[in-house]
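Each remark here refers to the structure printed beneath this line.
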Amino acid sequence: MKRALVSVTDKTGIVEFCKGLESLGYEVISTGGTKKVLDEAGVKTIGISDVTGFPEILGGRVKTLHPNVHGGLLAVRDSKMHQDQLKENNIDYIDLVCVNLYAFRKTVEAGCAFEDAIENIDIGGPSMLRSAAKNHKYVTVVTDAADYDLVLNEIKEKGDTTYETRLRLAAKVFRTTAQYDSMISLYLTEQTGEENAESLTLNYNLKQSLRYGENPHQSAALYEGSYTSYSIVHAKQLQGKELSYNNIQDANACLNLLKEFDEPTAVGLKHMNPCGVASAETIVEAWDKAYNADSVSIYGGIVAFNRPVTVELAKDIRDKKVFLEIIMAPAYEEAALEILAKKANCRVMEVDMETPFKDKKQAVSVNGGLLYQDLDNDIWNEADLKVVTKTQPSKEEYEDLLFAMKCCKHVKSNAILVAKNKVTAGIGAGQMNRVGSAKIAMDWAKGQGITSMVLASDAFFPFDDTVRLAAEYGVTAIIQPGGSIRDEDSIKACDELGISMVTTGMRHFKH
């Protein structure tokens, strides 16, 4: 009679699976809580201690780490030496292993004590999985409830699982144990505070295969990590077709900008750069101002709001008759959703904007490697802001400067952004020189009839040319990181032209 060893943390479907195995002539060996559940469901089980001849010890830390288990799993069936040794030691084959692991990630993400995290490091489970997977030529190994029916059907139809299925399940096991080990190593490394460890293993789960990547000839998939707020990955889609690769990239950039603001704010974004951002007393007013900041570029773009979408806001979006790829907000009034439903091709996403933002690191692939850095989550401290010119910014200018820099931080470098009354007036992104970005931003503002504004730069001015150009367009105040060996040139130019300048001491390049 064939034997199956079953020990699972997640007991979803396990009773039905074991009843199926039992009906197909398998004996079921089980442990601890799994055995209790199976016994209560009427599945006849053999206790692990009856197999090992040794009691579970150390509060359950040691129960399956025994030659009677691993010998039965690892024995090569057509090796006479292995058969003889099993016979000499009264060890029987184990033909199927069904194991899933202690919920380490779930325990840690719930905010457990360090001691509880350690107790949720599974030792016996990964050992059994690895032994069975190594010997997949003879042993079927299952670690995912989604595979239960497949295994039962093959055994029922063919008398056993096929080699191809056992190989595929074995590969899944090693992915599972590798991910499990990576979660533990990351957690322990964080506890030590060690930076730039000698190796890095990231773990993500497949959320969905995408239709294609940046372009139709590129395949792509979306993987999800731990839960956090302001995440398009963990957002709830309320309407619209499947998100594309580019949608996800743009939505992520949009949400990163939006999380800078507490006051009612609307962000319009296209191709990874904002095209209109506004803060106001109400979210409807913010949307109107963000839209009017660049009503041309926002066509085919995405918008995000940090306040619920009301009927009034939904009607305003509808009445503007602009095509939007995505709308994102923390909540929607039911009647507002009915209005937005008429925009059939627009994806409507509900995004958590209340849970504390947890992501701290950013990974970017390069040919043959990976860049890994702290996310640019920081913003200046008030104490670091310095007015370095004779002219002082007014209260209104000062507020606009802070607004402008929060937005500029999320524009591709070299980045220049001009603003007025907490609304973006023009944005210059990704140019090879800072003056070029400044001219693009201020030409747009001029075209909108804006004659006075503030200017933000993501990095310092190497020369005073940007300052002098800004004066020609009516810029009255500038905010920039400072730190150039020629800072004094720009400061003198500001003093000469009656422009105030504030330095932050913090650069925000975004490549």
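The values are calculated or read from the model by the stated rules, or taken from the named source; none is laboratory data. Quick caveat, the model's predicted, so the values are computed rather than measured. Counting neighbours? That spans all protein chains shown, and the Cβs are built from the backbone with ideal geometry, glycine included. These accessible areas exclude ligands, DNA and RNA; they are computed on the full protein's heavy atoms, side chains included. Shrake-Rupley method; radii C 1.70, N 1.55, O 1.52, S 1.80 Å.
Things worth noting here:
- Listed by first and then second residue, the pairs with beta-carbon distance under 9 Å, at least 6 apart or on different chains, first residue in segment 83-111 and small (Gly, Ala, Ser), second at pLDDT below 85, are Ala103/Asn120.
- Hey, Lys36 basic (Lys, Arg), open to solvent by 40 Å² or more (accessible area, probe 1.4 Å), closer than 30 Å to Ile118 by Cα and not in a loop (DSSP other than H, G, I, E, B) or not: yes
- Check on Val173, in contact with a Phe, Trp or Tyr (Cβ under 8 Å, 6 or more places away or on another chain), under 30 Å from Ile94 (Cα atoms) and surrounded by 12 or more Cβ atoms within 10 Å (Cβ to Cβ): no
- Looking only at segment 465-490, and only at residues there that are open to solvent by 40 Å² or more (accessible area, probe 1.4 Å) and out of contact with any strand residue (DSSP E or B) (no Cβ under 7 Å at 6 or more places or on another chain), the one that is nearest to Asp376 (Cα to Cα): Gly483
- Condition met for Ile91 (within 37 Å of the chain's Cα centre (by Cα), crowded, with 16+ Cβ neighbours inside 10 Å and under 30 Å from Lys158 (Cβ atoms)): no
- Condition check for Lys241 on (1) closer than 27 Å to Asp294 by Cα; (2) open to solvent by 20 Å² or more (accessible area, probe 1.4 Å); (3) part of a loop (DSSP other than H, G, I, E, B); (4) modelled with pLDDT of 95 or more: one failure, at (4).
- Criterion: over 40 Å from the mean Cα position of the chain (by Cα), open to solvent by less than 10 Å² (accessible area, probe 1.4 Å) and of a type in the set (A, V, I, L, M, F, W, C) - qualifying residue of Ala456, Ala493: Ala493
- Among the residues listed as Ala197, Ala178, the single one being under 25 Å from the mean Cα position of the chain (by Cα), under 16 Å from Leu129 (Cα atoms) and of a type in the set (Gly, Ala, Ser): Ala178
- Among the residues listed as Tyr180, Tyr227, the single one being in contact with a helix residue (DSSP H, G or I) (Cβ under 9 Å, 6 or more places away or on another chain), modelled with pLDDT under 90 and assigned to a helix (DSSP H, G or I): Tyr180
- Sole exception among (1) within 30 Å of Val418 (Cα to Cα); (2) polar (S, T, N, Q); (3) modelled with pLDDT under 95 for Asn205, by number: (1)
- When each of Ile29, Ile121 is tested for being open to solvent by 20 Å² or more (accessible area, probe 1.4 Å), under 24 Å from Phe174 (Cβ atoms) and either at pLDDT below 85 or in contact with a strand residue (DSSP E or B) (Cβ under 7 Å, 6 or more places away or on another chain) (or both), the lone residue that passes is Ile121.
- Checked against (1) open to solvent by less than 20 Å² (accessible area, probe 1.4 Å); (2) touching a Lys or Arg at 6+ places or on another chain (Cβ under 9 Å), Ile14 passes all but a single condition, namely (2).
- Arg307 being in contact (Cβ under 8 Å) with a residue 40 or more places away in the chain, open to solvent by less than 40 Å² (accessible area, probe 1.4 Å) and charged (D, E, K, R): no
- Enumeration of residues in segment 388-405 that are open to solvent by less than 50 Å² (accessible area, probe 1.4 Å) and among the charged types (D, E, K, R): Glu397, Asp400
- Any hit, segment 319-335, residues being aromatic (Phe, Trp, Tyr) and touching a residue at least 60 places away in the same chain (Cβ under 8 Å): yes
- Condition met for Asn196 (exposed (fewer than 14 other Cβ atoms within 10 Å of the Cβ), among the polar types (S, T, N, Q) and either assigned to a helix (DSSP H, G or I) or touching a strand residue (DSSP E or B) at 6+ places or on another chain (Cβ under 9 Å) (or both)): yes
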